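The values are calculated or read from the model by the stated rules, or taken from the named source; none is laboratory data. This structure is a prediction, so every number in the text was calculated from the model and none was measured. Here the Cβ is made from the backbone with ideal geometry for all residues, glycine too, and neighbour counts use every protein chain on show. We work out accessible area using only protein heavy atoms, side chains counted, and drop any ligands, DNA or RNA first. Shrake-Rupley method; radii C 1.70, N 1.55, O 1.52, S 1.80 Å.
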Amino acid sequence: MKTIHKYPLAVVDSQHVLLPLGAEILSAQFQGIQLCLWALVDTDQPLRARSIVLLETGNAIPPVLADNLSKKNFIGTVQEPNYPMVWHIFA
């Protein structure tokens with residue numbers, strides 16, 4: 001069944017999120033104080049770990065992330081509520 005699901009994210013440099021195979025990541029933003037990712041998914045598909053990268057504005061990109069960043073899609077830029085942090089999300 002096709003549907004849009006929400007997945008909570010940790011505010012860390014890199015993480016894996018289990019998404020159904022073929023999931024289309026639509027956006028990421030804070031919902032209250034929780035950073036979330038929304039994706040169009042087919043719930044009948046098997047789960048697959050997807051790598052998500054968060055980069056903070058102005059900080060150096062770790063070499064291990066920089067080398068693979070060109071293979072990722074830009075998802076969006078989010079501002080952490082009540083805190084002066086801006087994150088750029090890639091998947």
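Miscellaneous remarks
- Subset of segment 62-91 [open to solvent by less than 100 Å² (accessible area, probe 1.4 Å) and among the small types (Gly, Ala, Ser)]: ALA66, GLY76, ALA91
- Some residue of segment 1-17 being within 10 Å of the chain's Cα centre (by Cα), open to solvent by 30 Å² or more (accessible area, probe 1.4 Å), among the aliphatic types (A, V, I, L, M) and at pLDDT 95 or above: yes
- Restricting attention to segment 57-81, the residues that are assigned to a loop (DSSP other than H, G, I, E, B) and in contact (Cβ under 8 Å) with a residue 24 or more places away in the chain add up to 5.
- ILE89 part of a strand (DSSP E or B) and in contact (Cβ under 8 Å) with a residue 60 or more places away in the chain: yes
- Matching residues in segment 1-29 - criterion: being more than 25 Å from PRO81 (Cβ to Cβ) and either part of a loop (DSSP other than H, G, I, E, B) or touching a helix residue (DSSP H, G or I) at 6+ places or on another chain (Cβ under 6 Å) (or both): MET1, LEU21, GLY22, ALA23
- Matching residues in segment 30-51 - criterion: being farther than 23 Å from ASN82 by Cα and of a type outside the set (Gly, Ala, Ser): LEU40, VAL41, ASP42, THR43, ASP44, GLN45, PRO46, LEU47, ARG48, ARG50
- Count of residues meeting criterion [over 24 Å from ILE4 (Cα atoms) and either surrounded by 13 or more Cβ atoms within 10 Å (Cβ to Cβ) or among the hydrophobic types (A, V, I, L, M, F, W, C) (or both)] in segment 31-61: 4
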